[in-house]
Each structure stands twice: as C-alpha cells, then as structure tokens.
Amino acid sequence: MPVYKAPLRDMRFILDEVFDAAGIWASLPALAEHVDRDTVDAILEEAAKFNENVVFPLNRSGDEEGAKFDNGVVTTPAGFKDAFAQYGEGGWIGLGADPRWGGQGMPKMVTVMTEEIIFGANPSFALYPLLGIGAALAMSQHGSDELNDRYLPKIYSGEWAGTMCLTEPHAGTDLGIIKTRALPQADGSYRITGTKIFITGGEHDLADNIIHLVLAKLPDAPAGSKGISLFLVPKFLVNEDGSVGARNAVAAGSIEHKMGIKASATCVMNFDDAQGWLVGEINEGLAAMFVMMNYERLSMGLQGLGASEVAYQNAVAYARDRIQGRSATGVKVPQKAADPIIVHPDVRRMLLSVRAHVEAGRCFAMYVSKYLDLSKYSDDAAVKTAAADRVALMTPVAKAFLTDRAFDACVDAQQVFGGHGYIREWGMEQLVRDTRIAQIYEGTNGIQALDLVGRKLVRNKGAYVREYLDEVRALVAAT
Ligand SMILES: Cc1cc2nc3c(=O)[nH]c(=O)nc-3n(C[C@H](O)[C@H](O)[C@H](O)COP(=O)(O)OP(=O)(O)OC[C@H]3O[C@@H](n4cnc5c(N)ncnc54)[C@H](O)[C@@H]3O)c2cc1C
C-alpha cells in the first residue's frame, strides 16, 4: 500500500532559507499582524495531520468505489462526506479567503503548501473544495456585495460547494462558440439554458447547495469571446433569510467514466431555464472567469507537485527495500542475497530526476505564490503591477511545466517498481492515471504554451520577460 507524509521539512526549508517568508509577511502591512512563522507552522502541522489521517486513507478506496450516478443523484465514495464536513469545519476552505466572508486571510505562500498536501493525499477529494474556492475568488472580485455576502460565507464554511461551468460538447478550448443562453428577466435575474459537460463536482452529496458559475451569452451578445457573460446559478435557490429554498432547474444528466480521479464526479449539467444572476459586467464574463482559471492553473500545477512527492516517497522506499542484482561498484549488502535496487545507477537516475523535479517545482510554485501575494497585498502600486505582470507570465508555465514533469515523475516512479508498478496494490498505477488529467484540464498544456508565447512573451513589447530576465541577472550577480 502506498504511503504519504506531508513534506513539512522541505516546506519549512523553502519558507525560511529560500524565500525568507517571515520577512516578506512582516513587510506587508496587510499581513504583518496575523501571519507569522509560528502561526504558519501550526497550520502546516494541522494540514499534515488531517490529510495524512483523514484524506489520504480515502484515496485508494475512493478510486475503487468511484463516484456513482443514479437518476440525477451523485453519491461520492464512502468517507468523502464526513471528510468534507471536517475540512469545512476546520476552516481549510476559507484559509486564504477574505475575513469579511469568514476566511482566515492567509497568503498564497501558505495555501500553496496546504494545497500541495491535499493534492498529494487525494486529488479526487481535493477537487471538491478547490472548485468552491475558485468560484468564490471570481465572485469576490467581480460579484456584487449582495451576491457575495449571501453566498461566500457558506462556500468558505463548506456548507455549500462551487463549480465552474465553461465547457460544452462542441466548445472546450474555443469558448467563443458556446451556445448556452441567458435571457434577462424583469426582476434583474436571468434564465439560463444550455448543456455543459465535464463539470467537476457538478453534482454530489457533500454539501447542502452547489453554486455554479456558468458562462453564457445574451441574445444580442457580440459573436465570439467578446459576447460571453458570467452567471451564478445555484442548485437550490436561496431564500431572503439565506436558507436553502426551492430546487432550481439545473441537474446532472450523467457522470463520465474516466481514466483516473474516479472519485471526482465529472458531470454533464443541464440548465433548463434555470434562474441565474449576473456576476460582473455583461459580455465580460471571460475576464471574470479568468480570475478563477488563473487561480486553478497554479492549483493544477500543485496537483502535479503533490503527486510527484507521493511518487518519490514510495519509489525511494521501494528502491531501498527491493533487492535485485549486485552493485556495479562491488557488493554493498553481503549478508543479503542481492543489493537493494537503489544502488543501480539507472534506478538512482529515475529517483533523482523525480526528486529534482519535486524540489525545484516546489520552489517554483512558491515563487509564483510570492508574486501573487505581492500583487494582492503590497501597498506600493509599482510593486503590485510588476508582481501582477510576473504572475501573468508564470501562470501558464506553472500549469504546464509542473504537470508535464509530474506525469513523467509518476511514470519514472512506477518504473522503479518494475512489474509491481503496474499492479494496483502498490498504488503507482493509480498515481499515473490520476495525474494525467492535470495536463489536460484548465486549458490543455498546448494552450498554455500558446498563451505564454502568443500573449505573455510579446505583451508590452516583451516587458514581462525582460523584467524576469533582469531579476535572474540580478540574482546571478548577487550569488
Ligand atoms: C476530468 C475532467 C474535468 C474537467 N473539469 C471541468 C470543469 O470543472 N469545468 C469546465 O468547464 N471544464 C472542465 N473540463 C474540460 C476541460 O477543461 C477541457 O476538456 C479542456 O479545456 C480541453 O477542451 P476539449 O476537451 O474540448 O478539447 P479541444 O478544445 O477540442 O482540444 C482538442 C485538442 O486540440 C488542441 N487545440 C484546440 N484548439 C487549439 C488551438 N487554437 N491551437 C492549438 N491547439 C489547439 C488542444 O490543445 C487539444 O490537444 C474537464 C475535463 C475533464 C476531462
């Protein structure tokens, strides 16, 4: 059976030795009062405990059981409901959220680690809270106060969950051609009609309500991506007093049978004149949704990173234990019939390339997080802008690079197990299956490359990349 221990020692090393995180937090007035190393250490310890003891044990059983669909109702595997409730009650969903809506206001430099841990422990489970966090983030930046006050506290507490509904049967990468329609109503709401596919957590039994963020077009919208608006469509309408009311006209038509992340319900969602509310401005839905997508693109990188860590931990333990052949440089363990396979250069090559990816990838994710925090919390306008530029440049890299290398890492780790890596019992084949999706969703990695080269490298006459290279040169000069 695979094992997982949250890599707290490495995380602390990166925080303290590589980034001087405490210094950064102390320098930002918005964080200085409530974020310090002791608090963050306590959060990391608790995250490790919860994910190792509650979430990780559901990873294998969740894969075996899978999410089940019956006549519009989706049931998650045994244990998921209880774990999700504990996750919400523990404040984990709102860890990085604004305290105004019940969040704890922790910076990304903290949640980047707790996200890696939950993805390492159980990627299918991790997706349920993650989608709610992403939806809430887009709402908090583009939604009205009224909508946000009504919905966000319940999402952050885990009482309600969230989704993002972009993809349609004929429109995945090219969202400009979506067909879902939104008809304005006299009371200011909209009627949403259309079919969305591949919706993660579109229906499930973990929360009392599911808040869908849906891309749709008004009847007179301009063609293409300039005519897309964003709507909030709850599974259950919400009464004036905030309680859950009548069922809205949105339902799951089926769930997909997938290669991996089988415990995550991937749903066909039918909106049939469902009542919805505009989030942000008409025809500016894609920009609003990109808030959520950018957040989740880094998260997909963290899915890859979490998987790579599990891959390494298990492969190195196996390589120390499994004995085959003798070391090329002479017998290492004469009292045994053969040496452990970790003595063989090819096995070491695989282990070290996984480890190099994990250690460098974790630093890279923290680097992007640092700039996300500076762009959000700095009170110096120039620092804020420069940080936002760096995030824009690095987001497609973080998504594609971390997930491509993660898949390679999982395959390498599987290879270390020889034939046993192909057998379910050892957990490596699940790791490979579960990690593959991260290269595909949230914009395929090919689309990330187009974003980097076609948009980010050329924006402002190459300023983004010039500023980055200046930073690299300064670092090289200083070391
Ligand atoms: C398990 C799972 C969960 C998902 N969860 C969600 C979710 O919660 N919400 C949601 O809205 N969607 C979700 N998706 C959808 C996912 O984001 C899309 O599948 C993905 O963005 C690709 O779209 P597509 O499948 O339509 O492929 P297509 O857009 O048809 O692309 C097919 C291939 O063509 C390439 N391609 C397309 N256009 C171009 C171009 N202009 N230039 C170069 N290459 C191009 C792509 O890179 C890809 O390799 C999920 C998908 C899966 C499988």
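The values are calculated or read from the model by the stated rules, or taken from the named source; none is laboratory data. Quantities reported herein were computed from a predicted structural model and do not represent experimental measurements. Here Cβ is always computed from backbone atoms with ideal geometry, including for glycine, and neighbour counts include all displayed protein chains. Heavy atoms of the whole protein, side chains included, go into the accessibility calculation; ligands, DNA and RNA do not. Shrake-Rupley method; radii C 1.70, N 1.55, O 1.52, S 1.80 Å.
Couple of notes before you dig in:
- Some residue of region 123-143 being open to solvent by 10 Å² or more (accessible area, probe 1.4 Å), free of Cβ contacts under 8 Å to residues at least 24 places away in the same chain and touching a helix residue (DSSP H, G or I) at 6+ places or on another chain (Cβ under 9 Å): no
- Restricting region 170-184 to residues that are touching a residue at least 12 places away in the same chain (Cβ under 8 Å) and closer than 20 Å to residue 250 by Cα, the residue that is farthest from the ligand (Cβ to nearest atom): 184
- Selection count, region 371-385, where residues are out of contact with any Ser or Thr (no Cβ under 7 Å at 6 or more places or on another chain), surrounded by fewer than 20 Cβ atoms within 10 Å (Cβ to Cβ) and in a helix (DSSP H, G or I): 6
- Counted residues, region 409-425 - those being polar (S, T, N, Q) and either surrounded by 20 or more Cβ atoms within 10 Å (Cβ to Cβ) or within 12 Å of the ligand (Cβ to nearest atom) (or both): 1
- Residue in region 189-210 that is aromatic (Phe, Trp, Tyr) and away from the ligand (no atom under 14 Å from the Cβ) present: yes
- Residue selected from region 426-466 under the condition open to solvent by 70 Å² or more (accessible area, probe 1.4 Å) and more than 30 Å from residue 314 (Cα to Cα), by the criterion farthest from the ligand (Cβ to nearest atom): 466
- Residue within region 223-232 that is within 16 Å of the ligand (Cβ to nearest atom), modelled with pLDDT of 95 or more, surrounded by fewer than 16 Cβ atoms within 10 Å (Cβ to Cβ) and assigned by TED's automatic domain parsing to the domain that holds residue 277 present: yes
- For residue 260, the requirement of being open to solvent by less than 60 Å² (accessible area, probe 1.4 Å) and closer than 30 Å to residue 238 by Cβ is not met.
- Residue within region 285-300 that is of a type in the set (Val, Ile, Thr) and within 16 Å of the ligand (Cβ to nearest atom) present: yes
- Taken together, 71, 59 contain a single residue that is open to solvent by 70 Å² or more (accessible area, probe 1.4 Å) and of a type in the set (S, T, N, Q), which is 71.
- Region 156-182, residues that are of a type in the set (D, E, K, R) and open to solvent by 10 Å² or more (accessible area, probe 1.4 Å): 159, 174, 179, 181
- Residue within region 320-337 that is in a helix (DSSP H, G or I) and open to solvent by 20 Å² or more (accessible area, probe 1.4 Å) present: yes
- Where residue 282 falls short, out of the listed (1) touching a residue at least 40 places away in the same chain (Cβ under 8 Å); (2) surrounded by fewer than 19 Cβ atoms within 10 Å (Cβ to Cβ); (3) within 14 Å of the ligand (Cβ to nearest atom): (3)
- Test: residue 368 is open to solvent by 20 Å² or more (accessible area, probe 1.4 Å) and in a helix (DSSP H, G or I): no
- Close pairs (7 angstrom Cβ cut-off, 6 or more residues apart or separate chains): at pLDDT 95 or above in region 443-454, open to solvent by less than 40 Å² (accessible area, probe 1.4 Å) and polar (S, T, N, Q) anywhere: 445/403; 445/439
- Answer from 398, 406, 388 - the residue that is touching a helix residue (DSSP H, G or I) at 6+ places or on another chain (Cβ under 6 Å), open to solvent by 20 Å² or more (accessible area, probe 1.4 Å) and within 28 Å of residue 166 (Cα to Cα): 388
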